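Trainee: What follows is a single structure, and I will ask about it in a moment.
The values are calculated or read from the model by the stated rules, or taken from the named source; none is laboratory data. Since the structure is predicted, the reported quantities are computational estimates derived from the model, not experimental observations. So basically every Cβ, Gly included, is an ideal-geometry build from the backbone, and we count neighbours across all protein chains shown. Ligands, DNA and RNA are excluded from the accessible area calculation, which covers all protein heavy atoms including side chains. Shrake-Rupley method; radii C 1.70, N 1.55, O 1.52, S 1.80 Å.
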Amino acid sequence: MEKKYFTRMGDGSMVYMTEEEIKADIQLGMEDAILRGKVDPLTEEETQKLYDIVTMSGIIVGVEPGMQVVSSNDSGSDKISTKCGIPVTRDVNAMIHERVLGADSVDIGNSDYNYKTVKGIAKREATILKQALRNTTMPLFYGAMPNLGFYTKPDGPVENWAVLLPEGRIKEALQAQEDAVVHAVNDITYVAKQMADVGADGFQLDTSGAAGDADFLAALLACEKITKNNPELKVEIGAAGEFVLGMHGKLKYDDQIIAGLYPHKQVKLVEKAGASIFGAVVNTNCNMSFPWNIARVITFIKACTDVAQIPVHANAGMGVNGIPMCENLPSDVSSRADKALIEIGKVDGL
Amino acid sequence: MSKEKVLETAKTAIIEADEDMAMEALHAAEAEGVELFELLSDGYSAGMKVLGDQFGMGEIFLPELIFATEVMKMATAEIESRLDMSEIKAKGTLVIGTVEGDVHDIGKGIVASLVKTNGVDVIDLGREVPAQNFIDAVKEHKAEFLGSSALLTTTMTVQKEIEQLLEDEGMKDSVQTMIGGAPVTQRWADRIGADKYCEDASDTVNFIMDWIEKL
Amino acid sequence: MGGARTAGDMVMRLQLDKKMKINEAKAYVAEKLGVTLEELVDVVTMSELREDLGIGLAHVEPCAEANMGMEAKFKIAEILDIKINSVEKFKKRAGIK
């Protein structure tokens, strides 16, 4: 009977596949990325290496010596409380990340993780960050999402374009998004200033583009302002998915239409906006195998790191970049995703 | 104009959101004796399918999809005005919403738009919708389809609640339930007894249209 | 990379401050600390070196003799020849020139 290798599906469920099946899925995953992103394929050597990583023995695998990378976070210091239900303050969480978990950096973030909410409590949030900065050695970020959806009625000041568009009220829908960008940039830059004033090292614009191209534009414009007004505060822009969803479709940054951009083009705009780090994201498809997902991910990510002038940190969290979409992550495929991202995808951090 | 050319023109008219071209295809179909049902399904609707796929690839954007939808609506209305409507199968009604506690309604909005473009009535309940409201809306509108979206692992449990309520009310066999959202999977659908996990808007449309074919 | 157990925190600083890619950032930090790239990620070598230089540790026992937090960052800024925002703000508020 032909040997079958243990791996998982994108939702984390266990599956056994033959060499032929794994190689076929790697090929198909790569082809999907090539088709969508118009990027180059992996070389034969890289494809073979990816197969070796998927099938190598051991529960947890690690990178080759010398290939260790650093890590940044999104809402990291809050997760011990929110995800594990352990009521620990965020400054203590940051110390736990530094002295127990060996983290290279972490961000302080509010559990209602968006800049619109944070604006009203920005100075209080800054106080927590200030306390944490006194007690930690590693770089600390403040982090949240631009989350343009929060600016629509009934939660915010502008009309909801998700309602207007299906009604055919296109002009109003586009205007609503443009108005939301202005509100978001104001809120984000206000929060950034409070964090810069207490000594933050970094500022995380997480899941940028979650509400579409206007959301991504808000992150770029805010980054541009922050790096100009508070150059001591360094910005990381993390993406929301492998392409920027075109909810508007005509918004441009640096003469480039933002909608539809894949990571290798997203990173160029992020660089132009003045960010220090780009957090690249490729979504995990729950219904496809890990070999399919990771091949697709690495094809996109390698195309991104090939052209990036700034460090690229691949988001290695639940449901993205080959990591399964499940709350309790299996270390077997998660560690394989990390190894592939670093050794073949050439990322500068996770 | 050959039949193939007529269908191709109808398809292109939708892809390019060109009303004049859509009417040209309709007139040509009448002149050539092409069945109008065929024109709708293999011409105009085929164009919508292409656009749906392009949207999923990030090649076109929502406003362009909406422009095309307007042309599709116009073409459908023209065809309906020329046909005995009793011949046309009712395409059904979808009740859709983002579940209680969850404000993420972008994906749900896209699904609603795309389903609507395929001639299905859509009752969009918006976001933060309690489970009972889905059930009430299905009853009120006699809907055949119920779609719920959850973007958080903390809110996807409402989808389970919906299935339970349908069971309690004896409505399980009369409505097809579809669930979606980033943390949602086919395994979750199987666990809670939903009929289908829909990965994206195209997947939802395909499921609904396939089911309608069976009716 | 191990954070304060090795030199991950400092490599991260170079990525942020000078937008250096991973290998360049590691080489920069290794040179400033006078260690090889292999030593830079070795927890035993780096714990001793960090203790000697007073640049913060993961295990800070005995606490009185170990630098951590702000005092460690003062030293890191000097050794890496970079400005650290929290250190600059601290100096300003404390009236330190």
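Trainee: Could you tell me the accessible area of B:H141 in Å² (1.4 Å probe, neighbours in place), rounded to the nearest ten?
Mentor: Ignoring ligands and nucleic acids, B:H141 comes out at about 70 Å².
Trainee: Which of the peptides A:270-278, A:135-143 is most tightly packed, and how do the rest follow, judged by the mean count of other Cβ atoms within 10 Å per residue?
Mentor: Values: A:270-278: 23.8, A:135-143: 27.7.
In decreasing order of mean packing, A:270-278, A:135-143 become A:135-143, A:270-278.
Trainee: Run the Debye formula on the Cα coordinates of region A:1-98, all scatterers equal and no solvent, and tell me log10 I(q)/I(0) at q = 0.12, 0.18 1/Å.
Mentor: One equal scatterer on each Cα of region A:1-98 leads to -0.68, -1.01.
Trainee: Of C:E51, A:E44, B:E100, C:E38, which has the most accessible area with a 1.4 Å probe, and how do the rest follow in descending order? All intermediate terms of the calculation are to be shown ahead of the outcome.
Mentor: Working: C:E51 115, A:E44 170, B:E100 95, C:E38 145 Å².
So, going from the largest accessible area down, we get A:E44, C:E38, C:E51, B:E100.
Trainee: Over the whole of A:99-111, what's the average partner chain Cβ count within 10 Å per residue? Rounded to a whole number, please.
Mentor: Numbers: counts 9, 2, 3, 10, 9, 14, 7, 1, 0, 0, 0, 0, 0.
Per residue, the number of nearby Cβ atoms from other chains is 4 on average.
Trainee: What's the magnitude of the charge dipole for region B:108-215 around its Cα centre, counting Lys and Arg as +1 and Asp and Glu as -1 at the beta-carbon? Answer in Debye, nearest 20.
Mentor: Dipole size: approximately 200 debye.
Trainee: So for the protein assembly as shown, taking the charge dipole from beta-carbon charges (+1 Lys/Arg, -1 Asp/Glu), which of C:M68, A:G149, B:L125 sits furthest toward the positive end?
Mentor: C:M68
Trainee: Any chance you could look up the accessible area of A:D91 with a 1.4 Å probe, heavy atoms only, rounded to 10 Å²?
Mentor: It works out to around 40 Å².
Trainee: Compute, for chain A, the length of the dipole vector about the Cα centre, with Cβ point charges of +1 (Lys, Arg) and -1 (Asp, Glu) only. Units Debye, rounded to 20. Walk me through the numbers before you get to the answer.
Mentor: Details: 34 positive and 47 negative charges, 165 e Å.
For this selection, approximately 800 debye.
Trainee: I would also like to ask the following. So what is the diffusion coefficient of region A:169-224 in µm² per second by Stokes-Einstein at 4 °C and 1.567 mPa s, using a Kirkwood Rh over Cα pairs? Don't skip to the end; give the middle numbers.
Mentor: Values: Rh = 12.0 Å.
Translational D for this selection: 108 µm²/s.
Trainee: I want the local charge near A:S13. Using Cβ-Cβ distances under 13 Å, sum +1 for each Lys or Arg and -1 for each Asp or Glu among the other residues. Provide the component values of the computation, followed by the final result.
Mentor: Numbers: positive: A:R8, B:R187, B:R191; negative: A:D11, A:D332, B:D190.
Once positives and negatives cancel, what remains is 0.
Trainee: For region C:3-94, calculate the relative contact order in percent as a whole number, restricting contacts to Cα pairs under 8 Å that are 6 or more residues apart. Display every interim value, and only then the final one.
Mentor: Values: 86 pairs, mean separation 21.1, N = 92.
The normalised contact order for region C:3-94 reaches 23 percent.
Trainee: How far, in degrees from 0 to 90, does helix A:170-197 lean away from the longest principal axis of the Cα atoms of chain A, to the nearest 10?
Mentor: On a 0 to 90 degree scale, this one is about 80.
Trainee: Using a cut-off of under 14 Å, list every residue of region A:58-91 whose amide N is near the label point 7 Å from the Cα of B:L152 along the Cα-to-beta-carbon line.
Mentor: Within reach of a label on B:L152, which here means backbone N under 14 Å from a point 7 Å along Cα→Cβ, region A:58-91 contributes A:82-83.
Trainee: Among A:223-230, A:165-172, B:55-62, how do they line up from the highest to the lowest mean number of other beta-carbon atoms within 10 Å? List each step's numbers first, then the result.
Mentor: On the way: A:223-230: 18.8, A:165-172: 17.0, B:55-62: 20.4.
Going from most to least packed, we get B:55-62, A:223-230, A:165-172.
Trainee: When the expected Rg is taken as 2.2 N^0.38 Å, what fraction or multiple of it is the alpha-carbon Rg of region B:6-121?
Mentor: Details: Rg = 15.2 Å, N = 116, 2.2 N^0.38 = 13.4 Å.
Region B:6-121 yields a ratio of 1.14.
Trainee: Moving on to the next point. Within 10 Å of each Cβ in A:63-70, how many Cβ atoms from other chains are there, averaged over the peptide? Can you show the working numbers first?
Mentor: Numbers: counts 0, 0, 4, 6, 3, 11, 9, 16.
Mean partner shielding for this stretch: 6.
Trainee: Something else: Expressed as cubic angstrom per residue, what is the convex hull volume of the alpha carbon set of region A:1-40?
Mentor: On the way: hull volume 2.6 nm³, N = 40.
Dividing the Cα hull volume of region A:1-40 by its residue count gives 65 Å³.
Trainee: What order, most packed first, do the peptides A:234-247, A:333-346 have when packing is the mean number of other Cβ atoms within 10 Å of each residue? Walk me through the intermediate numbers first.
Mentor: Numbers: A:234-247: 26.2, A:333-346: 24.6.
Output ranking for A:234-247, A:333-346: A:234-247, A:333-346.
Trainee: Cα axis of helix A:122-135 to longest principal axis of chain A: angle in degrees, 0 to 90, nearest 10?
Mentor: Roughly 60 degrees, rounded to the nearest 10.
Trainee: Using θ = phi - 60° and the Karplus curve 6.51 cos²θ - 1.76 cosθ + 1.60, what whole-Hz ³J(HN,Hα) does each residue of region B:175-190 get, with Gly and Pro shown as x?
Mentor: Values per residue, Gly and Pro as x: 9, 8, 9, 10, 10, x, x, 3, x, 8, 9, 5, 4, 5, 4, 5 Hz.
Trainee: Continuing with this model, one more query. What's the magnitude of the charge dipole for region A:141-284 around its Cα centre, counting Lys and Arg as +1 and Asp and Glu as -1 at the beta-carbon? Answer in Debye, nearest 20.
Mentor: Working: 12 positive and 19 negative charges, 54 e Å.
Its charge dipole is roughly 260 debye.
Trainee: Also, I was wondering about something else. Where the centre of each part is set by its Cα atoms, how far does region C:19-51 sit from region A:179-231, in angstrom?
Mentor: 32
Trainee: Which distance in Å, rounded to a whole number, links the C-alpha centroids of region A:103-144 and region A:1-71?
Mentor: 36
Trainee: In Å, what is the Rg of the alpha-carbon atoms in the protein assembly as shown, and how long is Dmax?
Mentor: 26.7, 94
Trainee: Can you say what percent of the DSSP beta bridges in chain A, counting only those with both residues inside, are antiparallel? Round to 5. Can you show the working numbers first?
Mentor: Details: 9 of 31 bridges.
Of those bridges, close to 30 percent are antiparallel.
Trainee: At a temperature of 20 °C and a viscosity of 1.002 mPa s, determine how fast region A:283-342 diffuses translationally according to Stokes-Einstein, using the Kirkwood radius over alpha-carbon pairs as Rh; express D in µm²/s, rounded to the nearest whole number.
Mentor: Working: Rh = 11.6 Å.
Using the Kirkwood radius from Cα pairs, D works out to 184 µm²/s.
Trainee: Projecting each Cα onto the charge dipole of region A:4-343 (Lys/Arg +1, Asp/Glu -1 at the beta carbon, about the Cα centre), which of A:T18, A:I298, A:A122 comes out farthest on the positive side?
Mentor: Checking the options against the dipole of region A:4-343, the answer is A:A122.
Trainee: Another question, then. Hey, got the average number of other protein chain Cβ atoms within 10 angstrom for residues in C:78-89? Kindly include the intermediate steps, with their values, before the conclusion.
Mentor: Details: counts 0, 0, 0, 0, 0, 1, 5, 16, 13, 2, 2, 8.
Taking the mean over all residues of the peptide, I get 4.
Trainee: Report the equivalent ellipsoid semi-axes for chain A in whole Å, largest first, defined as the square roots of five times the eigenvalues of the gyration tensor built from alpha carbon atoms. The partial results should precede the final answer.
Mentor: Numbers: eigenvalues 221, 128, 64 Å².
Working through the eigenvalues yields semi-axes of 33, 25, 18 Å.
Trainee: Which whole-number percentage describes the relative contact order of region A:97-162, with Cα contacts under 8 Å and a sequence gap of 6 or more? Let's see the in-between values first.
Mentor: Values: 62 pairs, mean separation 24.3, N = 66.
Relative contact order comes out at 37 percent.
Trainee: Before anything else, pin down the relative contact order of region A:4-343: Cα pairs under 8 Å, at least 6 apart, normalised by residue count, whole percent. Show your work: numbers first, answer last.
Mentor: On the way: 684 pairs, mean separation 73.2, N = 340.
Over region A:4-343, the number comes to 22 percent.
Trainee: Something else: Using a 1.4 Å probe and counting only protein heavy atoms, how much accessible surface gets buried when B and A come together, both sides summed, in Å² to the nearest 100?
Mentor: Details: alone 10770 and 15300 Å², together 23580 Å².
In total, this chain pair buries about 2500 Å².
Trainee: Which value results when the Cα radius of gyration for region A:231-350 is divided by 2.2 N^0.38 Å?
Mentor: On the way: Rg = 14.3 Å, N = 120, 2.2 N^0.38 = 13.6 Å.
Relative to the rule-of-thumb radius for its length, region A:231-350 sits at 1.06.
Trainee: Still on this model: Name the most mobile residue of B:A31, B:A131, B:A189, meaning the one with the largest mean-square fluctuation, in a Gaussian network model of chain B with Cα contacts below 10 Å.
Mentor: Looking only at B:A31, B:A131, B:A189, the largest GNM fluctuation is found for B:A31.
Trainee: Can you give the alpha-carbon Rg of region C:3-94 over 2.2 N^0.38 Å, where N counts its residues? Could you put the intermediate results ahead of the total?
Mentor: Numbers: Rg = 12.8 Å, N = 92, 2.2 N^0.38 = 12.3 Å.
Taking the Cα Rg and dividing by 2.2 N^0.38 Å, one obtains 1.04.
Trainee: Still on this structure: Can you list the residues of region A:137-159 with backbone N under 19 Å from a point 7 Å past the Cα of A:V88, pointing along Cα to Cβ?
Mentor: In region A:137-159, the label zone of A:V88 (backbone N under 19 Å from the point 7 Å along Cα→Cβ) covers A:137-143.
Trainee: Between 0 and 90 degrees, rounded to the nearest ten: what's the tilt of helix A:290-307 against the longest Cα principal axis of chain A?
Mentor: Between helix and principal axis, roughly 60 degrees.
Trainee: With a 1.4 Å probe and all protein chains kept in place, how do A:H264, B:H104 rank by accessible area, largest first? List each step's numbers first, then the result.
Mentor: Numbers: A:H264 30, B:H104 65 Å².
Putting A:H264, B:H104 in descending order of accessible area: B:H104, A:H264.
Trainee: Over all alpha-carbon pairs in chain B, figure out the percentage whose distance exceeds 22 Å. If you can, show how the numbers build up before the last one.
Mentor: On the way: 11800 of 23005 pairs.
Within chain B, distances greater than 22 Å cover 51 percent of Cα pairs.
Trainee: Still on this structure, please answer the following. In Å and whole numbers, how far do the C-alpha atoms of region A:79-229 stretch along each principal axis, longest first?
Mentor: 55, 36, 23
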